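Visitor: Below: one structure in structure tokens.
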Amino acid sequence: MKKILLFFIVLIFNNIEAQEIKTLAYFQNDTLKLDLDLYLPKKKAGEKIPLIMFAFGGGFSGGERTSEKDFGKFMSQNGYAVASISYSLYMKGKDFGCKGTLSEKIKAIQIGVSDMWQATAFMIENADKYNLDTSKIFISGISAGAEIGFHASFWDYKLMNLYKSNLPENFKYKGFIGGSGAIQDINLITKEKAIPMLLAHGNNDDTVPYAAGSHRSCPTNASGWLILFGSYAVYNQMNDLHKDIELITFCGGGHEFSGYLFHEGQQYVLDFVNDVLKGKKFQSHLIMPSKNGKSSGKYSFCE
């Protein structure tokens, strides 16, 4: 019994020792300082570490980069570095809903995306210091953070970046992991720009549309009306392009499943990044009941 107890103590100690967490300032000027938490696995001689950039959710008005510490620790214990970033909460104190201003909502996304690009560039510039593989940088996020991830992956960097151009020419994320996110223009996802994706979304989400729809379910005459293309629309687009995509649909589920991949579904993320790096091809749609008693909606696969 004592030997078994000692074994588990050593195992726990080794897991703690197998990772390192550093808080780094990736952007700073006279008025703004933005940090990231970098979760690093134990170094292995001769091996460069893949990196996952992460953006938290909160409607561009709240949230913290420390909210997903368990995800950062899980991935670092499995050989991946995670950079969980702070970004500018432009909508703090403003209306990000139906009574808001459309241009302000788009600006909030653009600022968040530009911050993500800055953070990515910072990690590339410091890759040697932290033993990172700059050819294997994934991007991920929850809700608003997933909207950052979508647009950082597919927007025109030179056109939409609000800061200096500091990413390498023709830079491309290795893959995208998104919880209940959406993109403004589905046509931005082309055969040339497509990257492997793992998405999760409730098909009754009335905050961020599951397919094509309005943000926060706003009516078309609302000042904050914004059309978005959610995970199911992206899944169909990627299928049409014959590109790698995995979608987890929570039938009857709402926005409460936005964090699933980074909480209960961490193993899905680990399997996804492993498969991408092994060069595996995949197109899959996993249907999961939400168990909340809501109608499954108009989708036959949820009946």
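Visitor: Taking springs between alpha-carbon atoms closer than 10 angstrom, which of 28, 118, 110 fluctuates most in the Gaussian network model of the chain?
Guide: Of 28, 118, 110, the Gaussian network model singles out 28 as fluctuating most.
Visitor: While we're here: Given a Förster radius of 30 Å and the C-beta distance between residue 106 and residue 23 as r, what FRET efficiency does 1/(1 + (r/R0)^6) yield to the nearest 0.05?
Guide: Taking R0 as 30 Å, the efficiency between residue 106 and residue 23 is 0.50.
Visitor: For a 24 Å ceiling on Cα separation, which of these pairs sit above it: 43/281; 99/172; 164/278; 191/281?
Guide: Too far apart for the 24 Å limit: 43/281; 99/172; 164/278.
Visitor: Fully extended, how many nm does the chain gain between residue 172 and residue 160 (0.36 nm per residue separation, minus their Cα-Cα distance)?
Guide: Gain on stretching residue 172 to residue 160: 2.8 nm.
Visitor: Estimate the FRET efficiency between residue 239 and residue 271 by the formula 1/(1 + (r/R0)^6), using the beta-carbon distance for r and 25 Å for R0, to the nearest 0.05. Don't skip to the answer; put the middle values down first.
Guide: Numbers: r = 20 Å, r/R0 = 0.80.
The pair residue 239/residue 271 has a calculated efficiency of 0.80.
Visitor: Name the most mobile residue of 258, 223, 140, meaning the one with the largest mean-square fluctuation, in a Gaussian network model of the chain with Cα contacts below 10 Å.
Guide: Highest fluctuation among the options: 223.
Visitor: Right, next: From the protein chains alone at 1.4 Å, what is the descending order of accessible area for 271, 35, largest first?
Guide: The residues order as 271, 35, largest area first.
Visitor: Zone of residue 94 (label point 7 Å along Cα→Cβ, backbone N under 14 Å): which residues in segment 184-227?
Guide: 224-225
Visitor: Have a look at 145, 134, 97 and report the one farthest towards the positive end of the charge dipole of the chain, computed about the Cα centre with Cβ charges (Lys/Arg +1, Asp/Glu -1).
Guide: It is 134, whose Cα lies furthest towards the positive end.
Visitor: Based on DSSP, what percent of beta bridges with both residues in the chain are antiparallel, to the nearest 5?
Guide: Bridges in the chain that DSSP calls antiparallel: roughly 35 percent.
Visitor: Name the aspartates and glutamates eligible as straight-distance cross-link partners of residue 105: C-alpha to C-alpha under 14 Å, and not fewer than 8 places from it in the same chain.
Guide: The qualifying aspartates and glutamates are 95, 147.
The values are calculated or read from the model by the stated rules, or taken from the named source; none is laboratory data. Just so we're clear, the structure is a prediction, and the values are computed from it rather than from any experiment. In this analysis, Cβ positions are derived from the backbone assuming ideal geometry, glycine residues included, and neighbour counts consider all displayed protein chains. These accessible areas exclude ligands, DNA and RNA; they are computed on the full protein's heavy atoms, side chains included. Shrake-Rupley method; radii C 1.70, N 1.55, O 1.52, S 1.80 Å.
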